[in-house]
Structure formats: C-alpha cells, structure tokens
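> Got a structure for you, questions after.
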Amino acid sequence: YDADGNHTLQHAGWGTSSNRQAAVCCVERAKTDRSCCRVCGEPIEAGELRIGRPEKKRGKPIVGWYHVRCSRPLPGEDEWAGVEGWLSLSPPEQRRLLDAQ
C-alpha cells in the first residue's frame, strides 16, 4: 500500500495474457461490500476473505477481486508467505485458504 492506502501493485503477474491466471498479489478481508468477483459477478461481502490479482483497466493497473471459491489457481502452501496480507490473517483464515487448494 502507498501513503494513501492504495495497493502499489508491485507484484508478479503483470503482462500475463489471462487475468484469472495472473499471480495472486494480495489477500484480505473485504473492507466494504462494493467489490464484485471477477469470475461469478456476485458481490464480495464486507469482512469476507477475497483474493486480489493484478489486472489492467483502461491501460491502468488495478487489483481485480475474487471470491476464494472462484479464484484459481491459488498459490501453493509454500508460496502464500510472499502474498501481501497473508501474515495479517488469523491462523483459521490461513488454514481456509490452504484447504481451498
């Protein structure tokens, strides 16, 4: 995040041909219920875990949000530690993501 609280998007995955195949750049609990999953189009409820992947909109880098259940592929167990937000999740939340493989 930058000083204004925006994602800096300094992550792997930019330039990939498929947004859904791009590397996971972050994981967090949704702050509001305004984001929608890029796969199913359904809202992501406030407080629900969501997966962020780097995308572009009108040529500008953004984070595309996904439900955990809709986001594939997910990082392997040894890769989550490098994902922004992983360490701020509770152990049960981390386990949920690991079990979602």
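> I'm told Arg38 meets every condition in (1) out of contact with any Gly (no Cβ under 6 Å at 6 or more places or on another chain); (2) charged (D, E, K, R); (3) assigned to a loop (DSSP other than H, G, I, E, B) except one. Can you identify the failing condition by its number?
Just one mismatch for Arg38, condition (1).
> How many residues, within the stretch 82-94, are open to solvent by 30 Å² or more (accessible area, probe 1.4 Å) and either in a helix (DSSP H, G or I) or over 19 Å from Lys31 (Cβ atoms) (or both)?
Of the residues in that region, 7 qualify.
> Residue check: is Leu97 assigned to a helix (DSSP H, G or I) and open to solvent by less than 20 Å² (accessible area, probe 1.4 Å)?
When the stated conditions are applied, Leu97 passes them.
> Quick check on the stretch 54-81: of everything there that is in contact with a His (Cβ under 9 Å, 6 or more places away or on another chain) and not hydrophobic (A, V, I, L, M, F, W, C), which residue is surrounded by the fewest Cβ atoms within 10 Å (Cβ to Cβ)?
So, considering only residues that are in contact with a His (Cβ under 9 Å, 6 or more places away or on another chain) and not hydrophobic (A, V, I, L, M, F, W, C), the one surrounded by the fewest Cβ atoms within 10 Å (Cβ to Cβ) is Pro61.
> Let me ask something else. Among (1) at pLDDT 90 or above; (2) in contact with a Leu (Cβ under 9 Å, 6 or more places away or on another chain), where does Trp65 come up short?
Unmet condition: (2).
The values are calculated or read from the model by the stated rules, or taken from the named source; none is laboratory data. Remember, predicted model here, so these are calculated numbers, not experimental data. Every residue, glycine as well, gets a Cβ built from its backbone with ideal geometry; the counts of neighbours run over all protein chains shown. Please note that ligands, DNA and RNA were not included when accessible areas were found on the heavy atoms of the full protein model with its side chains. Shrake-Rupley method; radii C 1.70, N 1.55, O 1.52, S 1.80 Å.
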